[in-house]
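Engineer: A single structure is presented below for examination.
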Amino acid sequence: MAGTLKPFTTLTDYATGRTLPNIGAEENRQAVERFLVEAKGFAKVDIEVGVEIVLPVQGECYRSRLDLVVRVDGAAAMVVTCAAGALGSWERQTLAAARLIEPLPAALAVVSDGRTAFVLEALSGKRLGDSLDAIPSKDDARRILGSAGRKSFPLERRERESLIFRTYDLARVNRV
């Protein structure tokens, strides 16, 4: 039995058109991508899927992938984690990813199962809403980015955030 794998189906990614195995929270991710485009006015090209993140952790490079990065005019507006299960357990990792993704952090961290969402302001960690409707439209995200006075995440806190991200990430299973 040790060599037997459970068969899985595939699906076509809504944003990229790529064929993906339907495992873990993949159906939830597809629902979030569809919602962002059809209800919030983002274009498919605004949604980056499986974005690589490379973090220095205790003198070594830790590599992982983020479910979604949503961009507006080239700037990271949101890092989105698509989860199957308790959304609250993914908030802290998603905040760390939003803070560390680029020299300038994403404005928002979002955790969603495709039916509801937690939306957090990335730098402060303040919860801004807890529904899909709380996810900003593309126009609202543009305003948030423009008015946020974006600044780099403090260098002295980056190592701690990297450790937090890696700790949660190592526990994540069934991802592509």
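Engineer: For region 112-142, enumerate the residues that are within 20 Å of ASP73 (Cα to Cα) and open to solvent by less than 50 Å² (accessible area, probe 1.4 Å).
Structural biologist: ALA122, ILE135, PRO136, SER137, LYS138, ALA141, listed by residue number.
Engineer: If you don't mind, there's one more thing I want to ask. Does any residue in region 149-169 that is open to solvent by 50 Å² or more (accessible area, probe 1.4 Å) come within less than 7 Å, Cβ to Cβ, of a residue that is modelled with pLDDT of 90 or more and assigned to a helix (DSSP H, G or I) six or more places away or on a different chain, and which pairs are these?
Structural biologist: ARG158/LEU100; TYR168/ARG92; TYR168/GLN93
Engineer: If you don't mind, there's one more thing I want to ask. Could you check region 26-63 and list, in sequence order, the residues that are among the aromatic types (Phe, Trp, Tyr) and part of a strand (DSSP E or B)?
Structural biologist: Hit for region 26-63 is TYR62, nothing else.
Engineer: Separate question: Determine whether region 62-72 contains at least one residue that is under 28 Å from SER124 (Cα atoms), free of Cβ contacts under 8 Å to residues at least 12 places away in the same chain and either surrounded by fewer than 14 Cβ atoms within 10 Å (Cβ to Cβ) or of a type in the set (Ser, Thr, Tyr) (or both).
Structural biologist: Scanning region 62-72, I find at least one residue that is under 28 Å from SER124 (Cα atoms), free of Cβ contacts under 8 Å to residues at least 12 places away in the same chain and either surrounded by fewer than 14 Cβ atoms within 10 Å (Cβ to Cβ) or of a type in the set (Ser, Thr, Tyr) (or both), so the answer is yes.
Engineer: Based on this model, can you work out whether ALA84 counts as over 18 Å from ASP46 (Cα atoms), assigned to a loop (DSSP other than H, G, I, E, B) and either free of Cβ contacts under 8 Å to residues at least 60 places away in the same chain or open to solvent by 10 Å² or more (accessible area, probe 1.4 Å) (or both)?
Structural biologist: The answer is yes for ALA84.
The values are calculated or read from the model by the stated rules, or taken from the named source; none is laboratory data. Nothing here was measured: the structure is a model prediction, and the numbers come from that model. Note that we place each Cβ from the backbone using ideal geometry, even for glycine, and neighbour counts take in every protein chain shown. Quick note on the areas: whole protein, heavy atoms, side chains included, nothing else; ligands and nucleic acids left out. Shrake-Rupley method; radii C 1.70, N 1.55, O 1.52, S 1.80 Å.
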